[in-house]
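Notes follow once the structure below has been shown.
The values are calculated or read from the model by the stated rules, or taken from the named source; none is laboratory data. Quick caveat: nothing in here was measured; it's all calculated off a predicted structure. Every residue, glycine among them, receives a Cβ derived from its backbone with ideal geometry; neighbour counts consider all protein chains shown. Each accessible area value is taken on the protein alone, full model and side chains, heavy atoms only, with ligands, DNA and RNA left out. Shrake-Rupley method; radii C 1.70, N 1.55, O 1.52, S 1.80 Å.
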Amino acid sequence: MKPEILLVGPYPEWDLVELEVQYDVRKLYAAAEKDVFLETLGPQIRAIATRGELGASAELINKLPKLEIVSIYGVGYDAVDLKACRERGIRVTNTPDVLTNDVADLGIGMMLAQSRGIIGAETWVKDGSWREKGLYPLKRRVWGRKAGVLGLGRIGFEVAKRLKGFDMDIAYSDVDAKPYADGMTFIANPIELARHADFLFVTLAASAATKHIVSKDVIEALGPEGMLINISRASNIDEEALLTALENGAVGSAALDVFEGEPKLNPRFLELHNVLVQPHHASGTIETRKAMGKLVRDNLAAHFEGVVLPTPVL
């Protein structure tokens, strides 16, 4: 018999087809009565396949007495209750590396789009403003300015590599200085990093320790000419402090791919002209999403075959 796995949220069709060849896939997201669904099928579930933002709560895990592994489609695992998994010896995997470069690309793209006003400039042409009002208002340059990278892990390092192509003065903050950070300045304190930066990239993994690490003080240190770019997790930023700073001009602008409560983001963001909003799609290329799906399946297959997991978290 095929192992029964619980699919918490939808996957692309090409992944679902492959999963259904190897497993008896139970779709939690499609259930009209989720509690009844879990009460009926939960005792047979041996694996969870989930997405990074959906995770797996302790409440869900506790309803699955035979659960052996949680395989995450995404790099972030902050939404999975790791404590509950540790207590029961449940393995956890994610999909690092395969999405790193696409996420870094979008971060750079967001910086360019916001700094140079690319989206507004397109509207300026399409709505006739160019013809009727003349040249588009001047924006700010990118090259040769100062960048700060908060979290020099896989994604942060790739962002920094790309920033070097713009001849930037690059600094970073992490738990300690990194031996691979050639040509970059280590600034341990996030407030001082923000004070250094014209562009502050948030690229660190989310955890209880990093919740609101981009605080009111960090945001204000970035200043009225600074730009905050977040391609990590929404919880890393004090969103209320950011909104207030964007509204009163304490910080210049922001480019954000993630939000608290997404996709129902705070409507205050939609009223601002100094923020670029994106629908949490930094890894959203066909190539990367296919690679992520394959790695989810590879981790599940390795577990059920009793061999080493390709990308374990626990």
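Based only on Cα atoms, what Rg/Rh ratio does the stretch 139-258 have, Rh being taken as Kirkwood's radius? Provide the component values of the computation, followed by the final result.
Numbers: Rg = 13.0 Å, Rh = 13.9 Å.
Computed over Cα atoms, the ratio is 0.93.
Would you mind telling me the share, in percent, of accessible area of the stretch 226-314 contributed by carbon and sulfur at probe 1.4 angstrom?
Details: 2220 of 3940 Å².
Whole-percent figure for carbon plus sulfur exposure: 56.
Can you tally the net charge around Ile72? Count Lys and Arg as +1, Asp and Glu as -1, for every other residue whose Cβ sits under 12 Å from the Cβ of Ile72. Mind showing how you got there, number by number?
Numbers: positive: Arg51, Arg91; negative: Glu53, Asp78.
Here the charged neighbours net out to 0.
Quick one: net charge of Arg154's neighbours, Cβ under 13 Å, K/R +1, D/E -1?
Values: positive: Lys161, Lys178; negative: Asp97, Asp102, Glu158, Asp174.
So the environment of Arg154 carries a net charge of -2.
Relative to the present Cα-Cα distance, how much length would full extension add between Glu20 and Asp217 at 0.36 nm per residue of separation? Spell out each step's value before the answer.
Values: separation 197, 0.36 × 197 = 70.92 nm, distance 4.92 nm.
So the extension gain works out to 66.0 nm.
Keeping all protein chains in place, calculate the accessible area per residue for the chain (probe 1.4 angstrom), answer in Å².
Numbers: 15350 Å² over 314 residues.
The answer is 49 Å² per residue.
Before anything else, pin down the relative contact order of the chain: Cα pairs under 8 Å, at least 6 apart, normalised by residue count, whole percent.
On the way: 573 pairs, mean separation 49.8, N = 314.
Worked out over the chain, it gives 16 percent.
Cross-link candidates for Lys164: which lysines have Cα within less than 20 Å, leaving aside residues fewer than 8 places away along the same chain?
Reachable lysines: Lys146, Lys178.
Along Cα→Cβ, 7 Å out, is where each label goes; now give me the distance between the ones at Asn62 and His281 in nm to one decimal.
Distance between the two pseudo-spin positions: 3.8 nm.
Relative contact order for the stretch 175-249: what percent, with Cα pairs under 8 Å and sequence separation of 6 or more? Could the numbers behind the result be given before it?
Working: 85 pairs, mean separation 25.1, N = 75.
RCO, the stretch 175-249: 33 percent.
Could you tell me the distance between the Cα centroids of the stretch 190-240 and the stretch 281-314, to the nearest Å?
Result: 30 Å between the Cα centres.
Enumerate lysine pairs in the stretch 1-91 that are 8 or more residues apart or on different chains, then count those whose Cα atoms are under 21 Å apart.
For the stretch 1-91, qualifying lysine pairs total 9.
Using per-residue counts of other Cβ atoms within 10 Å, averaged over each peptide, order 45-57, 191-203 from highest down. Before the final figure, lay out each step's value.
On the way: 45-57: 21.8, 191-203: 24.2.
Ranking, from highest mean packing down: 191-203, 45-57.
Can you tell me the orientation of helix 100-116 relative to the chain, as the angle in degrees between its alpha-carbon axis and the longest Cα principal axis, to the nearest 10?
30
Using a 7 Å offset from the Cα along the Cα-to-Cβ direction at both Gln44 and Glu260, what is the distance between the two label points in nm, to one decimal?
So the label points at Gln44 and Glu260 sit 4.1 nm apart.
Please list 161-174, 11-24, 274-287, 222-235 highest first by mean number of surrounding beta-carbon atoms within 10 Å per residue.
Details: 161-174: 18.9, 11-24: 14.7, 274-287: 16.6, 222-235: 22.6.
Ranking, from highest mean packing down: 222-235, 161-174, 274-287, 11-24.
How long is the gain from Glu87 to Glu33 if the chain were fully straight, where each residue apart is worth 0.36 nm and the alpha carbon distance is subtracted?
On the way: separation 54, 0.36 × 54 = 19.44 nm, distance 2.83 nm.
Result for the pair: 16.6 nm of gain on full extension.
Compute for the stretch 222-307: radius of gyration divided by Kirkwood radius, i.e. Rg/Rh, restricted to C-alpha atoms, rounded to two decimals.
Numbers: Rg = 17.7 Å, Rh = 15.0 Å.
Radius of gyration over Kirkwood radius for the stretch 222-307 works out to 1.18.
Based on the mean of other Cβ atoms within 10 Å per residue, sort peptides 133-144, 110-121, 82-93 so the most packed one is first.
Working: 133-144: 11.5, 110-121: 18.1, 82-93: 16.2.
Going by the mean number of other Cβ atoms within 10 Å, highest first, we get 110-121, 82-93, 133-144.
What net charge do the residues around Gly261 carry, taking every other residue with its C-beta under 14 Å from that of Gly261, with Lys and Arg at +1 and Asp and Glu at -1?
Once all neighbours under 14 Å are counted, the net charge is -2.
What fraction of the Cα pairs in the chain, stated in percent, has a spacing above 30 angstrom? All intermediate terms of the calculation are to be shown ahead of the outcome.
Values: 19698 of 49141 pairs.
Roughly 40 percent, once rounded to a whole number.
Defining a contact as two alpha carbons under 8 Å apart and six or more residues distant in sequence, what relative contact order in percent does the stretch 72-141 show?
On the way: 31 pairs, mean separation 17.7, N = 70.
In percent, rounded to a whole number, it is 25.
How far is helix 13-22 tilted off the main Cα axis of the chain, in degrees rounded to 10, range 0 to 90?
20
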